[in-house]
Amino acid sequence: MKFLVTLALFAAALFAAVDLNHATVKELQSVKGIGPKKAKQIVEYRTQHCFESVDDLVKIKGIGKKTLKKLKPQLTVTPCQ
């Protein structure tokens, strides 16, 4: 039983969505398709703007609709503070 609980917790952490408004550069880089440069651009963008939805990623240079479609399942947005 302990094994199943541990496995469930690990799976939840593994598949958890990364929050655009609160993730660090390192956390953003854990998303398949976001490298160091894009992660830094995302953090720089959010210092001036709050992400209202994952769709706002297209405001980042180099992220278009096709890339957004690939990234969207791995990301989430919670309100800025």
Cα-based Rg / Dmax (Å) for region 17-76: 9.9, 25
Hits among aspartates and glutamates - C-alpha to C-alpha of Lys65 under 16 Å, sequence gap 8 or more where chains match: Asp55, Asp56
Estimated inter-spin distance, His49 and Cys80, nm [label 7 Å along Cα→Cβ]: 1.0
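No value in this document is a laboratory result; all are computed from the given coordinates. Keep in mind that what you see is a predicted model, and the values were worked out from it rather than measured. With ideal geometry, Cβ positions are generated from the backbone for all residues, glycine too; neighbour counts draw on all protein chains shown.
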